[in-house]
Amino acid sequence: MSIVEQEPTTATAEGETHHGTLIPRGQDAVPRSPLFEGRFGRMFRSLPAPRHDRDALIALGKAMADREAPSGDNPKIPSAYTYFGQFVDHDITFDPLSELSKFNDPDALTNFRSPRFDLDSLYGNGPSGSPFLYEFAKADRRGVRLLEGRNPEDSPFERRDLQRNAQGRAIIPDPRNDENIIVSQLHHAFIRFHNNVVEKVAKAQPALKGAALFAEARRVVTWHYQWVVVHDFLPRIIGEDLANELLPDAGEPQLRFFDPREGAFIPVEFSGAAYRYGHSQVRPTYDLNDIVVGVPLFSAAKTADEDILGHLNGFRPLPALWTIDWRHFVEIDGSQPQLTREIDTQLAKPLLKLPGSIDGANTGLPVLNLRRGKALQLPSGQAVAQAIGATPVSNLGLDRFNLSAAHRAALEAETPLWYYVLREAENAPRNGQRLGPVGGRIVGEVLVGLLAHDPQSFLRQQPTWKPQGLKAVKAGHFTLGDLLRFATIGQ
Ligand code: HEM
């Protein structure tokens, strides 16, 4: 008898590669044993999994949407960080191994690439393995610059976009980076960031040519990106105190529960629950620039004519005038960007019905997350709190929902990890601004641990390295705002 519930499926139109529907190898497999190894593994192996009733999870998930008032804004986190979080997820869960080798090793037990912050979702297999991503026409930049797409002047699309095929699909290593217009524009910004770094490096070191120029530019890009992950993004998500505890200025990273020394892996507690905190930050609408404002995440319109405001669904060319002005998403030169929503137990309503899902199919994002947590046999929030020595949350807020007494009692006794992480963030003193002890510990140890055990990372290659050479608001530091500014302006 299987003790694992059937995997929920993310209902999308056939062929759509939603972030999440391209489930990395290992995570889609029903776990065979708590000692399961490979790309995915466990952080807390000895903790038991609650055996919640499926209907209890569906009832809770359906209730986790905006109620009378939508979630407030998080004054500490501009909205570019939501999609940067998604971009990071894709980088560490992407494996550009050929389909053939995946087929030969479906469980990724031996033949898989370690999850790393190496931007393989941007660079693919490099200029020789993925030549379609690279410039080969201009002699002095052959195999050095990444290719952008260009639309003709008179087309209904923006001039600059990702490269796309005749059917509008982006030609990029990881199709998930095209699933919505914000993450696809962020991918585009990384292409431009790389190309601007190439020109900067070429000017500073004219002797570098071809493969050597590419390698140096890729190193500069990757190290600055890694810096942003652990020194800008992470402290905003988990708080500066915990970030500094995990990654002290001097000395070794301090990890207590995540030990990737035998081979890096992604713990299911991270991918199945804690890192999904990002779903609660998603806004229902976004302003893309000064002109195109209030664009809904998904469209509820049945026909193109009804679809006056458009929507942010990806997998299509960028409509004219829709180029993102990043000053609306992150602070650049004193701009006042849109903020993420608070990290809490309320998700924006559109996430209750994902594009392509069938009405009433129970495939809203909160339900999927809760059912995925059960299928992955994640421990309860309380069990993890106890394991890390934190006081379990007493005010779980489950009485706000219309749940049966039996369901409520069961969910209160052993709270699903994803809900628990969000509730912990929502409660005082964090008030939705950052993750709490359980969520912060899981997210922080995994992000720091993956970097600390990557032999190519700046932490391993040059532990005292600080960002240099690219313009930054604060010398020796580098933020997502600095990165997007340099990507756009090039200086
Ligand atoms: C518009 C925004 C987003 C949408 C529509 C979306 C949708 C989804 C869907 C449908 C899944 C699969 C659910 C399942 O069947 O288990 C998923 C998984 C996941 N999402 Fe999101 N997501 C969004 C943004 C984010 C953000 C901002 C983060 C983190 C900062 C995030 C983190 C994750 C993680 C870690 C997973 C599981 C692993 C993976 O497949 O990558 N997502 N998401």
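Just so it is clear, none of the values below were taken in a lab; they were calculated from the coordinates. It should be emphasised that the depicted structure is a prediction, and the values quoted were computed from it without experimental measurement. Here the Cβ positions follow ideal geometry from the backbone for every residue, glycine too, while neighbour counts run over all protein chains shown.
Taking amide H as placed 1.01 Å from N in the peptide plane, PHE157 has its amide H under 5 Å from the amide H of ALA320, each at least 5 places away in sequence or on another chain. Rounded to the nearest 10 degrees, the angle from helix 417-426 to the longest Cα principal axis of the chain is 80 degrees. Each peptide in 203-209, 167-173 receives the mean, over its residues, of other Cβ atoms within 10 Å, and ordering these scores from highest gives 167-173, 203-209. Overall shape of the range 40-489 was characterised from the C-alpha gyration tensor. The equivalent ellipsoid obtained from it has semi-axes of 35, 27, 21 Å, in decreasing order. Among ASP73, ASP89, the ranking by other beta carbons within 10 Å of each residue's beta carbon, starting with the fewest, stands as ASP73, ASP89. When the alpha carbon gyration tensor of the range 379-432 is reduced to an equivalent ellipsoid, its three semi-axes come out at 18, 14, 8 angstrom, largest first. As a rough guide to protection, the peptides 185-197, 278-290 ranked by mean Cβ packing within 10 Å, highest first, stand as 185-197, 278-290.
Among VAL293, VAL144, VAL421, the order by Cβ neighbours within 10 angstrom, fewest to most, reads VAL293, VAL144, VAL421. The long axis of helix 365-375 is offset from the longest Cα principal axis of the chain by roughly 70 degrees. For the peptides 392-399, 49-56, residues were scored by their other Cβ atoms within 10 Å and the scores averaged per peptide; the highest-first order is 49-56, 392-399. Relative contact order for the chain: 26 percent, from Cα pairs under 8 Å spaced at least 6 residues apart, divided by residue count.
Summarised as an ellipsoid, the range 200-355 has semi-axes of 34, 26, 17 Å, derived from the eigenvalues of the Cα gyration tensor scaled by 5 and square-rooted, with the largest first. Bridgeable lysines around LYS353 (alpha carbons under 19 Å apart, same-chain partners fewer than 8 residues away excluded): LYS62, LYS302. The charge dipole of the chain, taken about the Cα centre with unit charges on the Cβ atoms of Lys, Arg (+1) and Asp, Glu (-1), comes to about 740 debye, rounded to the nearest 20. Can you give me the Cα centroid spacing of the range 459-491 and the range 163-227 in angstrom? Centre-to-centre (Cα) distance: 15 Å.
Over 28 Å apart at the Cα level, from the set LYS76/LYS466; LYS200/LYS474; LYS203/LYS474; LYS349/LYS474; LYS209/LYS466, are LYS349/LYS474. Within the chain, DSSP assigns beta bridges of which about 75% are antiparallel (rounded to the nearest 5).
Under 5 Å from the amide H of THR340 lie the amide H atoms of ASN74, ILE77, SER79, each residue being 5 or more positions distant or on a separate chain, with H modelled from the backbone and absent for Pro and chain starts.
Listing ILE291, ILE58, ILE324 from fewest to most neighbouring C-beta atoms within 10 Å gives ILE291, ILE58, ILE324.
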